[in-house]
Amino acid sequence: MQSASHLTVYNARNPHMPIAPSRCPRAAASLLLLLLCLPAWAADWRVPEQQLAAKIAAASGPGAVSLQLNNRSSLTRTESDAIRRGLLTELASLGVRVVNADQAAVTVEVSLSQNLQNYVWLAEIHQGANDSSVVMIATPRPETPAAAQELSALNIRKTLLWTQDTRILDAVVVPGNPQHLIVLDADNVTLYKFQDSKWQPEQILALAHQHPWPRDLRGRLLLRKDHLFDAYLPGVYCRSAAATPLMINCYESDDPWPVGIDLLPLDAFFGHTRNFFTGALAPGIGKQTTAPAFYSAAPLPRDKYTLWLFAAVDGQLHLLDGITDQTAGKLGWGNDVTSVHSGCGSGWQVLASGAADNGTDTVRAFEVADREPAAVTAPIDFGGGITALWTEGEGINAIAVARDSETGKYAAYRLSIACGQ
């Protein structure tokens, strides 16, 4: 093994896009006149409101219903409120009165969602003890203004932590003075201490397992509050002791692995003889307890829900919001995605692996404002294939592991997003 002192690398800045000159007449320091020059656009929702109201009325019949509307799309609060008022008007014209929940025999829950081309409005109708019914309509979305697609001045900061000949499954930095580094590989969990400007080995803990590892081995490390760390490997769970010198207890386990972070937890069951997650979730995302089989997942918090991105085995990116499962198609991403809370741009970014022209792997940051990923950094090259990409528990940094295509060595890097640098 050889240690590496902290080496920080920045990818190139994104160029600032030129701002098109205004076509408005010049006004003498008048903000009002400037605002009047901006183009105005207001959507006419009458047709989709009529379509959805007709389907709700056909399912519920005339009478009193309660209605709840959840906006899971990029529509503004003003627009969603206008849509709710329009639905109430259309329902009333069909003999359906909207009342308080304690006065209604039927409850209707409307969700405003979207995919790449359309707004998708879905209504769940519940009538007493009967099974619920679901109706849905879709209406085309307007084109996104070009200004909204401009890249932000964000950059990926890449810090080398450790290199070794054997495969690194995961690594995590333990804060403190001095700092410690924990590295997980196929045989051991190794604890290092940062001393004399480099990582010094402090303790090696052997992993016990009864069955041979699968060929494409994966694993994850997570720091804990009541003990130092947990380690997850196919069919095996390991827990460290709370005090030093450390001890580790490993045993056979079918428990799900954590795929989220501390503030946005989600567990998923791993295929012990494969290299991907089966899609069974614990406890789930809203009403969704399963996802397509996937390699990796990334959470993006919204105002009232969390949008989860899954790099699925079918090669597509799936977006689950607790009700709908939408696909973003094949974006050219690799199997590894995760997210970080940088505070830059919209606050959260997705880190996704990809392939460079020379055949090595890259990582690039994206924002997903309207469920359409938009690149916000240039790709940063790793000189080989990426074998792991996990967010550290607090959600601020990510750990990437890559195998150098020339030397065959494995390297663990810490990734973070820098604002405007």
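Run residue 379 past the list (1) crowded, with 20+ Cβ neighbours inside 10 Å; (2) more than 22 Å from residue 266 (Cβ to Cβ) and report the number of the one that doesn't hold.
(1)
Just name the residue that is nearest to residue 217 (Cα to Cα) out of those in region 186-202 that are part of a loop (DSSP other than H, G, I, E, B) and not charged (D, E, K, R).
Here the answer is 186.
Any idea which of (1) at pLDDT 85 or above; (2) in contact with a strand residue (DSSP E or B) (Cβ under 9 Å, 6 or more places away or on another chain) is the one residue 93 doesn't satisfy?
(2)
For region 183-202, how many residues meet the condition of being among the small types (Gly, Ala, Ser) and either under 15 Å from residue 165 (Cβ atoms) or buried (at least 19 other Cβ atoms within 10 Å of the Cβ) (or both)?
The qualifying residues number 1.
May I ask you to say which residue of 316, 326 is touching a residue at least 60 places away in the same chain (Cβ under 8 Å), in contact with a strand residue (DSSP E or B) (Cβ under 6 Å, 6 or more places away or on another chain) and surrounded by fewer than 22 Cβ atoms within 10 Å (Cβ to Cβ)?
326
Please determine, by comparing only the residues of region 256-286 that are of a type outside the set (Lys, Arg), within 23 Å of residue 208 (Cα to Cα) and modelled with pLDDT under 95, which one is farthest from the chain's Cα centre (by Cα).
Filtering first and then ranking leaves 273.
Out of all the residues in region 49-76, which are charged (D, E, K, R) and part of a helix (DSSP H, G or I)?
49, 55
Residues checked against (1) of a type in the set (Asp, Glu); (2) surrounded by fewer than 17 Cβ atoms within 10 Å (Cβ to Cβ); (3) outside the structural domain of residue 303 (by TED's automatic domain parsing); (4) at pLDDT 90 or above:
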site	(1), (2), (3), (4)
52	no, no, yes, yes
61	no, yes, yes, no
66	no, no, yes, yes
70	no, no, yes, no
73	no, no, yes, no
77	no, yes, yes, no
83	no, no, yes, yes
86	no, no, yes, yes
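The values are calculated or read from the model by the stated rules, or taken from the named source; none is laboratory data. Being a predicted model, the structure only gives us computed values, none of them experimental. Here Cβ is always computed from backbone atoms with ideal geometry, including for glycine, and neighbour counts include all displayed protein chains.
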